[in-house]
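Right, one structure below, let's go through it.
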Amino acid sequence: MSVDSESTTPDPVSVEDIAHDLGEAIADLPAYERFEEAKAAVENDDELQSEIQAFNEKRQDFMLAQQAGDASVSDVESLKAAQRDLHSRPVMAEFLDAQEELTERLESINTAISESLAVDFGSEVGGCCQD
């Protein structure tokens, strides 16, 4: 009489399965849900999208002027003011706050993973030639 070892031995859990479960757990975090809602609000606000596009064009123009050596202190201040105005919009401010909260939570998760690996998982894994 032979014993079927496959039926009595549980399937080992793979690291990929654990990673998948971690991803699902992160997606269920209130901070992630808040971020996704805030992101959708920004994406669905046509007026805000126009302001974002205008700001990005202004920033691009500034970067080109800076590379050419033509950017002035006034240009820097104007760009900063435009960014402050954009960030002060309630929908954008909520998005930035939600993004910061999620980033802090993900950094905490990264720290927990890194402690067990004795390596900064988020910045070290995947690079071969870091100083």
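There is at least one residue in segment 90-100 that is open to solvent by 50 Å² or more (accessible area, probe 1.4 Å), charged (D, E, K, R), closer than 24 Å to A112 by Cα and modelled with pLDDT of 95 or more. Is it fair to say A65 is touching a residue at least 12 places away in the same chain (Cβ under 8 Å) and hydrophobic (A, V, I, L, M, F, W, C)? Judged against the criteria, A65 is not a match. Within segment 23-67, if we keep just the residues that are open to solvent by 70 Å² or more (accessible area, probe 1.4 Å) and of a type in the set (A, V, I, L, M, F, W, C), the residue that is nearest to R105 (Cα to Cα) turns out to be M63. Selection of segment 68-77 for residues being of a type in the set (A, V, I, L, M, F, W, C) and either at pLDDT 95 or above or open to solvent by less than 90 Å² (accessible area, probe 1.4 Å) (or both) yields A68, A71, V76.
Considering V15, V42, the condition of being without any contact (Cβ under 8 Å) to a residue 40 or more places away in the chain and on the phi < 0 side of the Ramachandran plot is satisfied by V15 alone.
The values are calculated or read from the model by the stated rules, or taken from the named source; none is laboratory data. Values in this document were obtained by computation on a predicted structure and should not be read as measured data. Here Cβ is always computed from backbone atoms with ideal geometry, including for glycine, and neighbour counts include all displayed protein chains. Only protein heavy atoms, including side chains, enter the accessible area calculation; ligands, DNA and RNA are left aside. Shrake-Rupley method; radii C 1.70, N 1.55, O 1.52, S 1.80 Å.
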